[in-house]
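Here the structure is laid out as structure tokens; the discussion comes afterwards.
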Amino acid sequence: MTITQQILQQLINGISLGSVYALMALGYTMVYGIIKLINFAHGEVFMIGAFVGFFSITKLDMGFFPAMFTAMIFCAILGVLMERLAYKPLRNAHRVAALMTAVGLSMLFQNLALAHSWIGASAKGFPQVFPLRKFELMENVTISSDRILMLVIAIFLMIALQFIVHKTLMGKAMRAVSLDKDAARLMGINVDKTISFTFALGSSLAAAAGVLFALNYGIVVYQMGLLPGLKAFVAAVLGGIGIIPGAMVGGLLLGVTESAVSAAGGSMFRDAVAFAALIIMLLVKPTGLFGKNVREKV
Amino acid sequence: MAKRFSAILQLVLLLAVGYAIQMAMDAELINRYYAHVMTIMAIFVVGAVSLNLINGICGQFSLGHAGFMAVGAYTAAIITKNPDLILPAIFTGNIRFILATLLGGMMAALVGFMVGLPSLRLRGDYLAIVTLGFGEIIRILLLNWDFVGGASGYFGLARHTNFFAAFLLSIITITIIRNFIQSSHGRACISIREDEIAAETMGVPTTRYKVIAFVIASFFAGTAGSMMAHLTQMVTPASFTFILSIELLLMVVLGGLGSISGSIGAAIFLTYAAEALRAFRAYRMILYSLLLIFIMLFRPKGLLGNQELSLSLLRESFKNLRARWRRKKKDGITAAAE
């Protein structure tokens, strides 16, 4: 295996892994952009999405795409409920209060899943819904059918999101609210509805990411949201939090870095890479790759 | 002068009480199980009060307090278990343990500085995610470090911690942190919590004070970790997980963000509750997270707010209650008259 082949192979692995991070990072970044809150429960939405997909396939005998769609709808509703019940009352409170609520929600979902008789502590195998095939792109450079599927769906969802944000009225409202909530309200935009819509959108993307992740790694477990959630946040920060294209680029970048490190023999420290990347980014350019320095107004 | 004298007198009295309890434990007047639980309570008081310095006083949000406890615990455990590593072999027994605890705290403080500096420079919530990540990374690194036993943990530590040691540590922690809060540094920290931009405009070097508070809190977390390790006589990566950080967070929130006495009370209460609810272990975390959410929704400053529990507060609230009751009675009378 030559070095070029190795690099190409890791690039492919990294991009397909990174596309999942990017999907999740979009949820973080949109919510942060609009209400300046790190939604800690986002990783758990990812986990719940994966489980809804899993049970739709195993218990309801759905096909893969209907199952993913069910998971996305379910999590969209969950996201709206979360926002309405837990975050909305705290919108004007001290930000630490909202953050703690988010952490509380994250713990709540995780432990409810743990205590639920269908889920429990042990990891479950995600069914291999499509026959697994490997395509040889070049000598020693392969990509599996699942990875292609993951990449295609992720790219499709990102394009759909770009369309919603830039071409629809709701997207326009989202951009307006994230720019200036009060001015948006004066212009007759229903801010509450827009925020709920943002949560629905972000959560459904996380659900899709969860199902794709589960399909690729073949397992679902109640703690699966923790590390991908953390990494997706790092991806969002890398690209510049609040900036949608930034989240996509950040996700891909993180995915590629991670596969590069595990290929270089540091698979043990794979999980530490994201953390190191975050620290370095915060030291060097805290606004992220695409971020502009915004002066804070009082 | 009289004030200082009475403060010293209070301290001496407290220590005497602690020592008396320890003697009662040694004489087995207090059940060994209770003795163990009381020691854990004292250790959690250290953890909760130090976390309160970051979350309550400074208004920052750390989610990795257990990670700093792990750093302190492992550092101290390495020192006490290897008689000629790091510290020269002339220090043995309890002296070695005390020095190891201090070094564990310093190591945690150093790590706290490295973690805190990049994230505290920025406004916003980066600290939360960085500390959360830090806790996870520490766990992963410890799992893979064979020298300290990897996943199975580091066993066979001597049992150096007794109730009095933990009690003494908690008194030291409370005294230092209380004095810090009441100093000009503490007021600077409070001003950051209340309004960071305003504080900066008034010339408070916000980053420096946030880092100072964070490092102090990490130090005490490290010492608490060392105490815990030498109480249970082992450390494993599983002893200091995210769940412990959440428990400490709940103690701070329950007691009131910024209230030292609240944290102490909540630490004692929650440790007791965790023991009493052992049968419902599976549901404990569900309960805790619901509690956290509901307190935040209905009393975002915590149960006690930032008030300190003291006799004058009790007197005050009693007075208020009585005044309210009187007013009600009067209202009732006037209503009846109409």
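The values are calculated or read from the model by the stated rules, or taken from the named source; none is laboratory data. The structure displayed is predicted, hence computed values, not measured ones. Here Cβ is always computed from backbone atoms with ideal geometry, including for glycine, and neighbour counts include all displayed protein chains. Just the protein is used for accessible areas: all its heavy atoms, side chains included, with ligands, DNA and RNA removed. Shrake-Rupley method; radii C 1.70, N 1.55, O 1.52, S 1.80 Å.
Here the relative contact order of chain A, from alpha carbon pairs under 8 Å that lie six or more residues apart, stands at 37 percent.
Report P(r) for segment B:201-252: all Cα-Cα distances, bin width 10 Å, range 0 to the bin holding the largest distance, values in whole percent. Calculated P(r), rounded to whole percents: 20, 40, 25, 11, 4. As an equivalent ellipsoid, chain A spans semi-axes of 30, 24, 18 angstrom, where each value is the square root of five times an eigenvalue of the C-alpha gyration tensor, largest first.
Each part gets one Cα centre, and for segment A:161-196 versus segment A:239-284 those centres are 30 Å apart.
What whole-number value in cubic angstrom gives the convex hull volume per residue for the C-alpha atoms of segment A:143-298? Each step should come with its number before you reach the end.
Values: hull volume 21.5 nm³, N = 156.
Expressed per residue, the convex hull around the Cα atoms of segment A:143-298 is 138 Å³.
Over the C-alpha trace of segment A:77-162, radius of gyration and Dmax come out as 20.1, 58 angstrom. The HN-Hα couplings worked out from phi for segment B:95-102 by the Karplus form 6.51 cos²θ - 1.76 cosθ + 1.60 (θ = phi - 60°) are 4, 4, 4, 4, 4, 5, 5, 4 Hz, whole numbers, x standing for Gly and Pro.
For segment A:1-103, what D do you get in µm² per second when you plug the Kirkwood radius from alpha-carbon pairs into Stokes-Einstein at 10 °C and 1.306 mPa s?
Working: Rh = 15.9 Å.
Rounded to a whole number, D works out at 100 µm²/s.
Local charge for B:Y154 was computed over the other residues whose Cβ lies under 15 Å away, with Lys and Arg +1 and Asp and Glu -1, and equals +2. As an equivalent ellipsoid, segment B:76-202 spans semi-axes of 34, 22, 12 angstrom, where each value is the square root of five times an eigenvalue of the C-alpha gyration tensor, largest first.
Quick one: pull the percent of accessible area on segment A:23-224 belonging to carbon and sulfur, 1.4 Å probe, ligands and nucleic acids left out. Provide the component values of the computation, followed by the final result.
Values: 5730 of 8670 Å².
Here it works out to 66 percent.
For the pair segment A:98-144 / segment B:244-277, the C-alpha centres are spaced 33 Å from each other.
Of all the Cα-Cα pairs you can form in segment A:164-233, what percent are over 13 Å apart? Each step should come with its number before you reach the end.
On the way: 1684 of 2415 pairs.
Considering segment A:164-233, 70 percent of its Cα-Cα pairs are separated by more than 13 Å.
Translational diffusion coefficient of segment B:10-332 (Stokes-Einstein, Kirkwood radius from Cα pairs, 4 °C, 1.567 mPa s): 63 µm²/s.
With respect to chain A, whose longest principal axis is taken over its alpha-carbon atoms, helix A:3-35 is tilted by about 20°. Buried accessible area for the A:B pair, summed, 1.4 Å probe, in Å² rounded to 100? It comes to approximately 3800 Å² buried between A and B.
Rolling a 1.4 Å sphere over the protein heavy atoms, what is the accessible area per residue of chain A, to the nearest Å²? Mind showing how you got there, number by number?
On the way: 13020 Å² over 298 residues.
Each residue of chain A exposes 44 Å² on average to a 1.4 Å probe.
Based on the reciprocal of the average 1/r between different C-alpha atoms, the Kirkwood radius for the protein assembly as shown equals 26.3 Å. Partner aspartates and glutamates whose Cα lies under 20 Å from the Cα of B:K319, excluding those fewer than 8 positions away in the same chain, are identified as B:E308, B:D331.
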